[in-house]
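Here the structure is laid out as structure tokens; the discussion comes afterwards.
Read-outs throughout are calculated quantities, based only on the coordinates presented, and are distinct from any laboratory measurement. Not measured: the values here are computed from a predicted model. Positions of Cβ are generated from backbone atoms using ideal geometry, with glycine treated the same way; all protein chains shown enter the neighbour counts.
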Amino acid sequence: MSAPQPSAKAFVPFVSVETMMRLVHHIGIETMLVELAGAIEADFRRWDVFDKTPRIASHSNDGVIELMPTSDGEIYAFKYVNGHPKNMAQGLQTVTAFGLLAQVSTGYPLLLTEMTLLTALRTAATSAMAARHLAPKGVTTMAMIGNGAQAEFQALAMKALLGIKTVRLYDIDPQATEKTRRNLTGSGLELITCNTAQAAIEGAGIITTCTADKQYATILTDNMVGAGVHINAIGGDCPGKTELHKDILLRADTFVEYSPQTRIEGEIQQMAEDYPVTELWQVVSGATAGRRDQNQITLFDSVGFAIEDFSALRYVHQKLSGTGLSQDLDIIADPDDPRDLFGMLQRAK
């Protein structure tokens, strides 16, 4: 007896790395960054409807593996993601990820997708969305300290959403800086390579720090940061990993995604529990001010939050329609009689 063929209900759309790359180019990288930022911002405006919990982390001496779940009551999403700084020495990615979108009413998955590329895109889109509310008006120069896998995405997002024209690059590894300069050549950005972090921040209205080492580091010291800048700190994203001297935080107005998570993982893990922060959704919704004046130092202490991944997953799901850029995976058991799972197994002999 031949095994019964699965019905349409058994299949879940799957987006591979190859297909995600094709989708990004189909949409256009900068267009996708702008649209992702819009999707994330729209979900931040309805912050109250989401389940919110700090990500579930499994730490080791080598790195961290995390699950990031959330739901708006109709759609559920989660992301699996790791952070292993030592991977680079083995020729492996520091961060890898995949994610799932599901229908709350049935529990059936709607989408399974790679999220290594998608996480880089949504992180950059979130950074630029935050900078649109927090950075000085008319800023045209950005410093990019840490020129790893995230750097080009950050630069292009700031260009697309804020009109950044010049990016000053620095990394302790000159080869990383050269890689970033090469990849961004022809993007319309003026690219300046620098020999020190101090040189990189000269004249920059936005300073982005994105380094990988899992340690308490001091990428920026207090004397390096002048009045009026916006700091986009995205490298401190787990316990025991920071990039900024705490004195900078004493001078800055600090904005975070979800305070209970950021106090464990972000730059503010260095500070007392009563250190004041503003959750970014409050600024996006108009409940509180972001940048108040040109002399204010603003800090987006970004560690990444599940709602951003929810937004990205739902965006990809919507964009797939009519493109043919997914494949069907048979991953849901679908017996003719929902009570007869065993019978379906037997008929497959």
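Things worth noting here:
- Estimated FRET transfer efficiency when R0 is 22 angstrom, pair residue 166-residue 294 (beta carbons, to 0.05): 0.70
- Subtracting the Cα-Cα distance of residue 195 and residue 105 from their residue separation scaled by 0.36 nm leaves 26.9 nm.
- Prolate/oblate/rounded label for the stretch 43-157 (Cα gyration tensor, a/c 1.5): oblate
- Scanning the chain for GluC sites (Glu not before Pro) in DSSP loops with at most 14 neighbouring Cβ atoms within 10 Å leaves 75-201 as the longest stretch between them.
- Ranked list, fewest to most other Cβ atoms within 10 Å of each Cβ, for 132, 122: 132, 122
- Computed extension length for residue 30-residue 88: 18.2 nm, one decimal, from 0.36 nm per residue of separation with the Cα-Cα distance subtracted.
- For residue 190, the residues 5 or more places off, or on other chains, whose built amide H falls under 5 Å of its own are 166, 167.
- Dipole magnitude for the chain: computed about the Cα centre from +1 point charges on Lys and Arg Cβ and -1 point charges on Asp and Glu Cβ, it is near 560 debye.
- Close amide H contacts of residue 75 (hydrogens built in the peptide plane, cut-off under 5 Å, sequence separation of 5 or more or a different chain): 104.
- Neighbour counts of C-beta atoms inside 10 Å place 159, 9, 79 in the sequence 9, 159, 79, starting with the fewest.
- For residue 340 and residue 247, a Förster radius of 56 Å and the Cβ-Cβ distance give a FRET efficiency of 0.25, rounded to the nearest 0.05.
- Cross-link table 52/137; 52/165; 79/319; 179/241, entries beyond 29 Å C-alpha to C-alpha: 52/137; 52/165
- Residue 221-residue 11 FRET efficiency (beta carbon distance; Förster radius 56 Å; 0.05 resolution): 0.55
- The stretch 126-194 and the stretch 282-337 have Cα centres lying 22 Å from one another.
- With neighbours defined as other Cβ atoms within 10 Å of a residue's Cβ, the residues 84, 25, 59 order from fewest to most as 25, 59, 84.
- Converting phi to 3J(HN,Hα) with the Karplus coefficients 6.51, -1.76 and 1.60 and the offset θ = phi - 60°, the stretch 201-210 yields 8, 4, x, 8, x, 10, 10, 9, 10, 8 Hz in sequence order, with x at every glycine or proline.
- The alpha-carbon atoms of the chain, seen along their principal axes, cover 76, 44, 39 angstrom, with the largest extent given first.
- Using θ = phi - 60° in the Karplus curve 6.51 cos²θ - 1.76 cosθ + 1.60, the 3J(HN,Hα) couplings for the stretch 43-50 round to 6, 5, 6, 10, 3, 5, 7, 8 Hz; x is entered for Gly and Pro.
- Cα gyration tensor shape of the stretch 28-68, rounded if a/c is under 1.5, else prolate or oblate by comparing a/b with b/c: oblate
- Net length available on complete extension from residue 328 to residue 67 is 91.5 nm, with 0.36 nm assigned per residue and the Cα-Cα distance removed.
- Database remark: amide H of residue 217 closer than 5 angstrom to the amide H of 242, 243 (H placed geometrically; neighbours at sequence offset of 5 or more, or on other chains; Pro and chain starts carry no H).
- Over the stretch 125-304, relative contact order from alpha-carbon pairs under 8 Å, at least 6 apart, %: 23 percent
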